[in-house]
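Peer 1: Got a structure for you, written out below as structure tokens; questions coming shortly.
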Amino acid sequence: MSLLRTKPINADMYCDTGLKRCLGAFDLTLLGIGAIIGAGIFVLTGIAAATHAGPGIVLSYVVAGLACAFSALAYAELAASIGGCGSAYGYAYAGLGELIAWIIGWDLILEYGVSTAAVAIGWSGYFNNALAAAGLALPQALLKAPAGGGIVNLPAASIVLLLALLLTIGVRQSARFNAAMVLVKLTAIGIFIAVAAFNVQAANWTPFLPFGWGGVMSGAALIFFAYIGFDAVSTAAEETVNPPRDLPIGILASLVVCTVIYIGVSGLLTAIVPYATLNVSSPVADALLRLGHNTAAGCIAAGAIAGLTTVMLVLYYGLTRVFLAMSRDGLLPPVFSAINRSTHTPVRVILASGVLIAAIAGFTPIDDVAQLVNSGTLAAFVLVCSGVIVLRHTKPDLPRAFRTPCSPLVPLLGIAFCVYLMASLPAITWLRFAIWLGIGMGVYFGYSRTRSLLAREQP
């Protein structure tokens with residue numbers, strides 16, 4: 001049966017797929033940083049500290065970072081040896097079979113699509129705050145979905161459509177825009193660190209674990225959202241100049257840089273103000289305002305806008321590449337596998353998904369749906385780690401430019417950490433995730449199973 005067959009691994013990682021190879025290791029590292037640093041550091045850090053972990057949020061970031069580190073090593077090995085723009089979907093197809101590949105691809109569509117829409121809504125709030133400071137605030141009817149008493153969240157829908165236009169122009173131009181925005185938000189974070197370092201009050205770290213170790217773990221499950229994005233680097237495989245070398249560097253370097261920043265910022269944030277005061281929509285800027293540093297707080301707001309913009313850009317980019325890979329394999333309509341000859345981008349996929357994401361961001365209250373992202377991502381990480389173990393046995397001679405150290409121990413630790421974090425998620429999240437998978441199974445058995453390339457090749 002096709003759902004049990006694995007996809008042959010293309011030995012030529014440099015074959016012409018229509019996409020333009022123009023990204024190096026530094027570009028990929030910036031893409032990773034652009035995807036990771038956003039809502040997590042500017043929003044979730046304060047909320048998780050106030051409601052779950054207290055100053056122990058530092059340990060929450062360590063736990064979540066470890067879980068991601070083990071998974072990132074697995075991603076690096078498979079990206080360097082298998083490649084392809086499908087990321088974890090492609091790796092699962094090569095090692096675990098078509099059905100598992102479909103499930104993980106369906107998960108990635110959920111992760112990237114819903115994340116982009118959710119971040120767009122957060123971006124809308126920061127953007128309107130900037131307009132309000134200039135006396136140009138939008139009416140509430142244009143800031144809320146109909147279910148929230150408005151007409152449409154116009155800024156959220158608009159930014160998604162603008163990013164769609166940018167992505168259609170070309171990946172080189174998108175990478176340059178991302179690099180500029182990353183510079184802005186890293187500068188803002190540097191300003192916060194410089195100001196906070198001279199306002200530390202050790203008393204704010206007492207008690208360090210007000211919610212106990214359970215609070216640290218529930219905090220880790222919540223702020224895990226802050227790490228989502230490093231996996232999107234692997235979707236750039238077909239647009240990378242030297243995939244076996246550059247992909248592992250981009251994945252691991254971006255994760256290390258962001259983990260160090262997260263730990264430092266969360267430690268300083270809970271040291272300059274009491275953790276209980278951080279349960280606000282913009283905790284980093286609010287903390288500086290409490291200390292009377294209004295200019296620095298304004299810089300943080302600018303950094304947040306830039307940070308959320310790059311997160312949307314890279315996640316949206318990852319969605320289009322996974323969609324493209326699944327369309328090539330026949331699991332989604334082939335109309336979406338066309339590459340524009342002048343821009344070397346999948347314009348149809350970009351525009352179709354952009355309209356859908358803009359509609360979700362503009363007309364849907366995304367809060368509850370956004371909780372699905374963590375469950376889908378953790379499930380994908382588990383399957384990637386499993387793929388490393390399986391392929392080491394089924395394809396031992398596969399060329400591996402990067403090898404996960406201490407395998408199978410590291411992949412097993414990745415699975416264990418992810419399962420532990422999955423167990424910390426609310427039951428309602430898993431119910432919604434099961435519904436999403438149920439829809440995916442309907443699509444697979446109703447359309448994809450008989451139309452996939454593997455199914456057509458069978459006698």
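The values are calculated or read from the model by the stated rules, or taken from the named source; none is laboratory data. Remember, predicted model here, so these are calculated numbers, not experimental data. So basically every Cβ, Gly included, is an ideal-geometry build from the backbone, and we count neighbours across all protein chains shown. These area figures cover heavy atoms from the full protein model, side chains too; ligands, DNA and RNA do not enter into them. Shrake-Rupley method; radii C 1.70, N 1.55, O 1.52, S 1.80 Å.
Peer 1: Regarding Ala434, is this residue in a helix (DSSP H, G or I) and either touching a Lys or Arg at 6+ places or on another chain (Cβ under 9 Å) or open to solvent by 40 Å² or more (accessible area, probe 1.4 Å) (or both)?
Peer 2: Working: in a helix (DSSP H, G or I): yes; either touching a Lys or Arg at 6+ places or on another chain (Cβ under 9 Å) or open to solvent by 40 Å² or more (accessible area, probe 1.4 Å) (or both): yes.
Criteria met by Ala434.
Peer 1: Quick one: is Leu332 part of a loop (DSSP other than H, G, I, E, B), modelled with pLDDT of 90 or more and either open to solvent by less than 10 Å² (accessible area, probe 1.4 Å) or over 25 Å from Ile159 (Cβ atoms) (or both)?
Peer 2: Yes; evaluated as a whole, the condition is true for this residue.
Peer 1: Looking only at the range 284-340, how many residues end up being in contact with a Lys or Arg (Cβ under 8 Å, 6 or more places away or on another chain) and either of a type in the set (Gly, Ala, Ser) or under 24 Å from Ile251 (Cβ atoms) (or both)?
Peer 2: Counting residues in the range 284-340 that are in contact with a Lys or Arg (Cβ under 8 Å, 6 or more places away or on another chain) and either of a type in the set (Gly, Ala, Ser) or under 24 Å from Ile251 (Cβ atoms) (or both) gives 9.
Peer 1: Filter the range 226-273 for residues that are polar (S, T, N, Q) and farther than 13 Å from Cys68 by Cβ; which is surrounded by the fewest Cβ atoms within 10 Å (Cβ to Cβ)? Even if it seems obvious, please write down each step before you answer.
Peer 2: Filtering the range 226-273 for residues polar (S, T, N, Q) gives 234-235, 240, 242, 254, 259, 266, 270.
Still in the running and farther than 13 Å from Cys68 by Cβ: 234-235, 240, 242, 266, 270.
Details: Ser234: 34, Thr235: 29, Thr240: 28, Asn242: 15, Ser266: 30, Thr270: 27.
Looking at the filtered set, the residue picked out is Asn242.
Peer 1: In the range 389-431, what count of residues is obtained for those that are of a type in the set (Phe, Trp, Tyr) and either modelled with pLDDT of 90 or more or over 17 Å from Ala64 (Cβ atoms) (or both)?
Peer 2: Going through the range 389-431 one residue at a time, the tally reaches 2.
Peer 1: Which of the residues belonging to the range 404-423 are part of a loop (DSSP other than H, G, I, E, B) and surrounded by fewer than 15 Cβ atoms within 10 Å (Cβ to Cβ)?
Peer 2: Within the range 404-423, Pro405, Cys406 qualify.
Peer 1: Going through the range 332-352 one residue at a time, which ones are closer than 11 Å to Arg321 by Cα and either touching a strand residue (DSSP E or B) at 6+ places or on another chain (Cβ under 8 Å) or of a type outside the set (A, V, I, L, M, F, W, C) (or both)?
Peer 2: Hits for the range 332-352 are Ser337, Thr345, Pro346.
Peer 1: Taking Ala380 as the residue in question, decide whether it is open to solvent by less than 50 Å² (accessible area, probe 1.4 Å), part of a helix (DSSP H, G or I), of a type in the set (A, V, I, L, M) and over 26 Å from Lys7 (Cβ atoms).
Peer 2: Considered against the rule, which asks whether it is open to solvent by less than 50 Å² (accessible area, probe 1.4 Å), part of a helix (DSSP H, G or I), of a type in the set (A, V, I, L, M) and over 26 Å from Lys7 (Cβ atoms), Ala380 comes out as no.
Peer 1: Please verify whether Ala101 is open to solvent by 20 Å² or more (accessible area, probe 1.4 Å), farther than 27 Å from Ile33 by Cβ, modelled with pLDDT of 85 or more and small (Gly, Ala, Ser), treating the condition exactly as stated.
Peer 2: no
Peer 1: Would you tally the residues in the range 66-94 being open to solvent by less than 10 Å² (accessible area, probe 1.4 Å) and farther than 25 Å from Arg21 by Cβ?
Peer 2: Looking only at that region, the number is 3.
Peer 1: Next question, about the same structure. May I ask you to say which residue of Ala147, Ala180, Ala203, Ala188 is buried (at least 16 other Cβ atoms within 10 Å of the Cβ) and in a helix (DSSP H, G or I)?
Peer 2: Ala188 is the lone residue from the list that is buried (at least 16 other Cβ atoms within 10 Å of the Cβ) and in a helix (DSSP H, G or I).
Peer 1: Here is a list: Thr320, Thr310. Which entry is buried (at least 22 other Cβ atoms within 10 Å of the Cβ), in contact with a Leu (Cβ under 8 Å, 6 or more places away or on another chain) and within 16 Å of Ser115 (Cα to Cα)?
Peer 2: Exactly one residue qualifies, and that residue is Thr320.
Peer 1: Within the range 338-350, how many residues turn out to be assigned to a helix (DSSP H, G or I) and either closer than 17 Å to Gly122 by Cα or open to solvent by less than 40 Å² (accessible area, probe 1.4 Å) (or both)?
Peer 2: Summing the residues that are assigned to a helix (DSSP H, G or I) and either closer than 17 Å to Gly122 by Cα or open to solvent by less than 40 Å² (accessible area, probe 1.4 Å) (or both) in the range 338-350 gives 3.
Peer 1: Take the conditions over 20 Å from Ile263 (Cα atoms), at pLDDT 70 or above, touching a strand residue (DSSP E or B) at 6+ places or on another chain (Cβ under 9 Å) and of a type in the set (A, V, I, L, M, F, W, C) and apply them to Leu31. Does it pass? Step through it out loud before you land on a result.
Peer 2: Details: over 20 Å from Ile263 (Cα atoms): yes; at pLDDT 70 or above: yes; touching a strand residue (DSSP E or B) at 6+ places or on another chain (Cβ under 9 Å): yes; of a type in the set (A, V, I, L, M, F, W, C): yes.
Taking the combined requirement at face value, the residue satisfies it.
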